[in-house]
Structure formats: C-alpha cells, structure tokens
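All remarks here apply to the structure that follows.
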Amino acid sequence: MNNFVNEKNVKIISYTLSLLFMFLHVSLLIIFSLHSITPLWILNLFSASFYVLMVFFVYKKWYFTFTIVSFIEICINMGVTIYFIGWGNGFQIVLIGICILLAYAEYIGRTLHYRAIRAIYMMSLPFAVYVTFYVIGLFHEAPYSLPQYVVIFFEIGWAIIVFVIMSLILHNFVVISTRTQEVLTDEVKHDALTSLPNRFYIRDYFTYVELQKEQEGFWVAIMDLDDFKAINDTYGHNCGDYVLVTVSKILQDVPKGIKICRWGGEEFLLLGKDSVGEQLGVLEEIRQKIEQYPFKFEGNSFHLTCTIGCTHKRKEETIHTWIGRADERLYRGKQQGKNTIIYS
C-alpha cells in the first residue's frame with residue numbers, strides 16, 4: 001500500500017541502525033577508556049561486538065529477535081552506564097527515545113505480517129530502568145565522574161540523536177498515514193475491475209452540481225451494454241470482464257470535463273455541462289465506437305451495442321429525480337430496439 005514499508009526498506013533500516021549503534025558504542029568505548037572508566041569501556045566493547053552480530057541477524061532476516069535483543073541491550077547498557085557515572089549525563093534520554101523505535105518496529109511487523117512485538121508491554125522495561133536508576137541515584141553516589149565538557153557533550157549529543165530519530169520516525173508516520181489515506185480513498189472511489197470512478201466518486205460531483213446557481217446546463221447520461229447477459233452466458237464471466245474493461249477504455253477518450261463512472265453491472269454514467277448538440281455528438285461517437293469495436297476473447301469474435309438515456313437537469317430538480325429521468329430514457333431506448341440514444 002505504501003512504498004516505505006517493504007522488506008527491502010526494513011533491511012536497509014535494520015542495517016543502518018546496527019551500524020549506527022555499533023559506531024556509537026565504539027565511540028563510547030574510546031571516551032570511557034580515555035577517562036579510565038574500566039567497567040564502561042568493557043561494557044561498550046561487548047555492545048560494539050554485539051551489533052556486529054546483529055548485522056548477521058539482519059542478514060538472516062531474524063527481525064523479531066533482532067528487535068528484542070537490541071532493545072534489551074540498550075536498556076542494560078543505559079542502566080549500567082547511569083549507575084557508574086550518574087544521572088546527569090543524558091543517557092536516560094535514550095530510554096525515552098527507544099520507545100518510539102519500539103512503536104515503529106511493531107507497526108512494520110504488523111504491516112508486513114511478520115511476527116510483531118508488543119510495544120506497549122515492552123515499553124515498561126525502559127520505564128522501569130529509568131525510574132529504578134533515578135531512585136538509585138538519590139541514595140547512591142556514582143563511583144566515576146566525567147569532566148564537565150564531556151558531560152555537556154553527552155547531554156547535547158544524546159538529545160540531538162534522540163530528537164533526530166524521533167523526528168524522522170514521526171515524519172515517516174505522517175507520510176505513511178497520509179499516503180495510505182489517499183490510496184484508500186482512491187480505492188473506495190474507483191471500480192476495482194475497470195479503474196473507472198464509481199458511485200462514491202460521482203456522488204461528490206453531484207453535490208457540486210447541487211451547489212451551482214445555474215444547474216440547467218448540466219446533463220447526465222446512463223449507458224447500458226445491450227444483451228450483456230448473453231455475453232456472460234455464451235463466453236463466460238471472464239469474457240464479460242474483458243468487455244467491461246474494454247468499454248471503460250473507450251469511455252476514457254471522452255472530452256475533458258465529462259465525468260465518467262461505472263454505475264453498476266454493465267451500466268456506465270456520464271455527467272457533463274455543455275449544449276445539447278455537443279453532448280449528443282459525444283454520446284453518438286461513444287455509441288458508434290462500441291458498435292464498431294471488434295471484440296475478441298480467447299478466439300471468439302463478436303460485436304456489441306449500447307443504449308443511452310440522457311437528459312439535462314431541470315431547475316430546482318433533485319439529483320434523484322434527474323437520474324431517474326435519465327434511467328427512464330434508457331429503459332425507453334431498450335424498448336425501442338436498443339443501440340440508440342434517447343434524449344429529452
């Protein structure tokens with residue numbers, strides 16, 4: 001449904017996150033080793049190696065396991081780091097940021113029908129780590145400290161990283177939601193077989209007509225394929241579908257400004273605004289094209305005709321009455337021998 005959520009992009013995102021986390025842990029390893037904080041550079045050596053393994057997980061498409069273990073590693077790493085160097089270094093911000101990554105991971109899993117995590121439950125872990133080590137910090141003095149410039153660097157750096165990741169994901173959600181809504185709206189308003197607009201689409205244009213002060217210039221025509229049932233009975237419903245698709249392509253050649261929709265079954269509706277002569281000329285051209293078209297399906301050749309009922313809108317007339325009159329003209333044309341246009 002959208003171009004963002006597909007397996008290729010999931011793999012790219014997962015690789016990117018693995019390499020990004022690996023780079024971050026290598027950087028932390030260097031910083032902590034330079035300041036002789038042995039427990040933390042050892043921890044980040046493990047974490048950097050861990051994300052090398054995660055690259056392999058992504059390669060094997062073990063996305064569910066990749067998400068779970070990476071999430072646990074982040075929580076452990078942040079918690080241990082806060083314990084050793086204290087609360088005021090910005091590492092707790094990461095615990096908030098990973099919650100939105102969890103939500104995005106669940107969305108991707110559900111969309112692609114993977115085994116999806118339950119983000120709402122997993123978010124309790126970073127919350128627990130956050131609260132636990134905040135409370136510990138109230139009663140426990142961190143065994144190590146960093147120079148003030150490093151503390152500032154961490155606070156600003158983590159804020160930027162978390163802000164950028166959250167902004168990108170939220171923006172992605174907005175784009176996906178908007179495009180998904182557009183696609184769904186388009187699907188609802190278009191016929192799946194012929195791709196023509198359907199009743200839902202044309203209903204909006206009828207509303208537009210009702211709002212116009214001068215409504216008498218609008219006309220509506222209902223076209224029905226003659227003896228269409230015989231086509232289905234003789235050649236099968238696949239042939240019937242072929243006919244409907246072919247006729248829809250013929251109708252799409254009408255002049256710009258004329259609205260077309262599949263009204264239902266083998267009926268099509270046309271709606272426009274012009275003089276009687278122009279309108280009847282368009283409809284006659286459609287009738288002739290369908291009559292002359294050499295339909296061919298699975299070795300069978302045949303011809304088809306159509307009947308059209310048409311009428312202009314009258315002043316202060318409801319849309320329902322207007323369409324009903326066009327339908328009545330169509331019925332009269334069927335009674336008079338078909339393959340004709342009835343206008344009044």
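Observations, loosely collected:
- For N89, the criteria (1) in a helix (DSSP H, G or I); (2) closer than 24 Å to S49 by Cβ hold in every case but one, which is (1).
- Among residues of segment 79-97 that are touching a residue at least 60 places away in the same chain (Cβ under 8 Å) and closer than 18 Å to Q148 by Cβ, those with a beta-carbon under 9 Å from a residue that is crowded, with 20+ Cβ neighbours inside 10 Å and of a type in the set (G, A, S) at least six positions away or on a different chain give the pairs F91/G79.
- Qualifying residue in segment 211-221 (condition: at pLDDT below 90 and among the polar types (S, T, N, Q)): yes
- Test: residue in segment 4-11 that is buried (at least 17 other Cβ atoms within 10 Å of the Cβ) and among the polar types (S, T, N, Q): no
- Look at segment 251-265: where a residue is under 16 Å from R203 (Cα atoms) and a partner is modelled with pLDDT of 90 or more and among the hydroxyl-bearing types (S, T, Y), sitting 6+ places away or on another chain with Cβ atoms under 6 Å, you get R262/T194.
- All positions within segment 214-241 that are more than 22 Å from A326 (Cβ to Cβ) and exposed (fewer than 13 other Cβ atoms within 10 Å of the Cβ): A230, D233, T234, H237, N238
- Cβ-Cβ contacts under 7 Å between residues 6 or more apart (or on different chains), taken from a first residue in segment 27-45 that is in the same structural domain as I161 (by TED's automatic domain parsing) to a second residue that is of a type in the set (S, T, Y) and in a helix (DSSP H, G or I), are listed as L40/T81; W41/S33.
- Every condition in (1) touching a residue at least 40 places away in the same chain (Cβ under 8 Å); (2) within 30 Å of Q92 (Cβ to Cβ); (3) hydrophobic (A, V, I, L, M, F, W, C) holds for C239 except the one numbered (2).
- Among the residues of segment 315-339, those that are out of contact with any Cys (no Cβ under 9 Å at 6 or more places or on another chain), more than 25 Å from R203 (Cβ to Cβ) and polar (S, T, N, Q) comprise Q335, Q336.
- Residue identified as out of contact with any strand residue (DSSP E or B) (no Cβ under 9 Å at 6 or more places or on another chain) and assigned by TED's automatic domain parsing to the domain that holds H303 among G257, G240, G236, G272: G240
- Failed condition for L138, given (1) outside any helix (DSSP H, G or I); (2) surrounded by fewer than 15 Cβ atoms within 10 Å (Cβ to Cβ): (1)
- Within segment 273-327, the set of residues being in a strand (DSSP E or B) and surrounded by fewer than 20 Cβ atoms within 10 Å (Cβ to Cβ) comprises K273, F295, K296, F297, N300, S301, F302.
The values are calculated or read from the model by the stated rules, or taken from the named source; none is laboratory data. The structure displayed is predicted, hence computed values, not measured ones. Ideal geometry is used to build each Cβ from the backbone, glycine not excepted, and the neighbour counts take in all protein chains shown.
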